[in-house]
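The values are calculated or read from the model by the stated rules, or taken from the named source; none is laboratory data. The model shown is predicted, which means the values in this text are computed figures rather than measured ones. Please note: Cβ atoms are built from the backbone with ideal geometry, for glycine as well, and neighbour counts cover all protein chains shown. With ligands, DNA and RNA removed, areas are computed over all heavy atoms of the protein, side chains included. Shrake-Rupley method; radii C 1.70, N 1.55, O 1.52, S 1.80 Å.
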Amino acid sequence: MYNWLRKFYAPSFYGDLDKGYHLDQYIEKLLLEKFGVDRGGVFVDVGAYHPTILSNSYYFEKNKNFNVICVEANPIMAKLLRAQRKHVFEFAK
């Protein structure tokens, strides 16, 4: 099912795609293992775009008690982010 993804990640990650990690957010497992922080860290999501869909930071805010700072330049998406996420900064004119 995830054959296209296998070329990007080490074999040790293959079996975890169906264990609670989202395919579009699989970076979460890599970050947790690389930095060794399991709870209560800080995540700055530049170009956050959507509060949950394809979000690299939503998992950390929701499940790992991270303080997430979302930065977004699109005013429409920034408004949506502010409605659903905690710390949102809009950089648009």
Check: Roughly how many nanometres apart are two label points built 7 Å out from the Cα toward the Cβ at His87 and Asn74?
Finding: 2.3 nm
Item checked: Peptides ranked, highest mean first, by Cβ atoms within 10 Å: ranges 55-66, 40-51 -> 55-66, 40-51
Item checked: Long-range HN-HN contacts of Asp45 with modeled amide H, under 5 Å -> Ile69, Cys70, Val71
Next item on the list: Keeping all protein chains in place, calculate the accessible area per residue for region 42-93 (probe 1.4 angstrom), answer in Å².
Entry: 63 Å²
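Taking 0.36 nm per intervening residue step and subtracting the Cα-Cα distance, what contour gain separates Asn67 from Ile27 on full extension?
Length gained between Asn67 and Ile27: 12.7 nm.
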